[in-house]
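Visitor: Supplied in structure tokens, the structure appears directly below.
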Amino acid sequence: MPDRHRSLLIRLDAQKQALIAEVDALTADQLLFRPVPGSWSALDVVEHLVKVEEAIVSRIRKRDRRTWREALRARGALALMSVYFALGRRFKVPTQAILPLGGVTLSDLSSRWDASQAALRGTLEGFTADDLARPLMRHPLLGLLTAAEALAFLRRHIAHHRRQIVRLRRSPGYPRS
């Protein structure tokens, strides 16, 4: 695997570890706190992040090269999403499969996330440099993404939801330890 992809995976893993450590330090009440009915708790956020990564790993496969329009669309959509995330804007979840359902523990989610990242790393290790230059998965909103674009999306996605957890902790009624 090229150093660029290996470096992106290392940074993605560090980001995941930091988020898990941050959430692991919360009490049970803090972990499950919802500022308003129907909103997400910190545990829900982690479940969503795990489900997104699992979905991406399950969609990765060798594909044909993108047309210049597909490449432009993906790059533009990724840039627009980055701006939206930086502004604190939210996207509607593009598929019900990545919504948190609850009934899981942080330990279970952490294990699933570790397994997902190991599968991601293993899959990418098996691809040639030419394979990695092609799109590897189709994101429901962003379109066909290369490995580097998919990893960049995952990093931005985690950062976005990490800010969501910070907002949760500042919410009125948030349990203090």
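Visitor: Quick check: anything in the range 142-149 closer than 17 Å to Leu8 by Cα, among the aliphatic types (A, V, I, L, M) and in a strand (DSSP E or B)?
Guide: yes
Visitor: Continuing with this model, one more query. Cβ contacts < 6 Å: first residue surrounded by fewer than 18 Cβ atoms within 10 Å (Cβ to Cβ), restricted to the range 160-177; second residue hydroxyl-bearing (Ser, Thr, Tyr) and in a loop (DSSP other than H, G, I, E, B), any location; separation 6+ or different chain. Result?
Guide: Cβ pairs passing all conditions: Ser177/Thr27.
Visitor: Looking at the structure I just gave you, is Asp29 touching a Ser or Thr at 6+ places or on another chain (Cβ under 9 Å), more than 18 Å from Glu125 (Cα to Cα) and not aliphatic (A, V, I, L, M)?
Guide: yes
Visitor: Same structure again: Let me confirm something: among Ser107, Ser111, which residue is assigned to a helix (DSSP H, G or I), farther than 24 Å from Arg6 by Cβ, among the hydroxyl-bearing types (Ser, Thr, Tyr) and over 15 Å from the mean Cα position of the chain (by Cα)?
Guide: Ser107 is the lone residue from the list that is assigned to a helix (DSSP H, G or I), farther than 24 Å from Arg6 by Cβ, among the hydroxyl-bearing types (Ser, Thr, Tyr) and over 15 Å from the mean Cα position of the chain (by Cα).
Visitor: From Asp13, Asp3, Asp64, Asp24, which residue is surrounded by fewer than 17 Cβ atoms within 10 Å (Cβ to Cβ) and touching a Leu at 6+ places or on another chain (Cβ under 8 Å)?
Guide: Asp24 is the lone residue from the list that is surrounded by fewer than 17 Cβ atoms within 10 Å (Cβ to Cβ) and touching a Leu at 6+ places or on another chain (Cβ under 8 Å).
Visitor: So which of Leu87, Leu72, Leu142, Leu80 is of a type outside the set (S, T, N, Q), more than 15 Å from Leu49 (Cβ to Cβ) and at pLDDT below 90?
Guide: Leu87
Visitor: Can you name the residue in the range 89-116 that is of a type in the set (Gly, Ala, Ser) and out of contact with any helix residue (DSSP H, G or I) (no Cβ under 6 Å at 6 or more places or on another chain) and, of all such residues, is surrounded by the most Cβ atoms within 10 Å (Cβ to Cβ)?
Guide: Ala115
Visitor: Could you check the range 118-137 and list, in sequence order, the residues that are buried (at least 17 other Cβ atoms within 10 Å of the Cβ) and either touching a Lys or Arg at 6+ places or on another chain (Cβ under 7 Å) or not in a helix (DSSP H, G or I) (or both)?
Guide: Hits for the range 118-137 are Phe127, Pro135, Leu136, Met137.
Visitor: Ok, one more. Residues of the range 37-61 being out of contact with any Leu (no Cβ under 9 Å at 6 or more places or on another chain) and under 19 Å from Lys92 (Cα atoms), which ones?
Guide: The answer is Pro37, Gly38, Glu54, Ala55.
Visitor: Could you pull out the residue among Ala150, Ala79, Ala55, Ala86 that is crowded, with 20+ Cβ neighbours inside 10 Å and either within 18 Å of His161 (Cα to Cα) or of a type in the set (Phe, Trp, Tyr) (or both)?
Guide: Among Ala150, Ala79, Ala55, Ala86, only Ala150 is crowded, with 20+ Cβ neighbours inside 10 Å and either within 18 Å of His161 (Cα to Cα) or of a type in the set (Phe, Trp, Tyr) (or both).
The values are calculated or read from the model by the stated rules, or taken from the named source; none is laboratory data. It should be emphasised that the depicted structure is a prediction, and the values quoted were computed from it without experimental measurement. Positions of Cβ are backbone-derived with ideal geometry, glycine not excepted, and every protein chain shown enters the neighbour counts.
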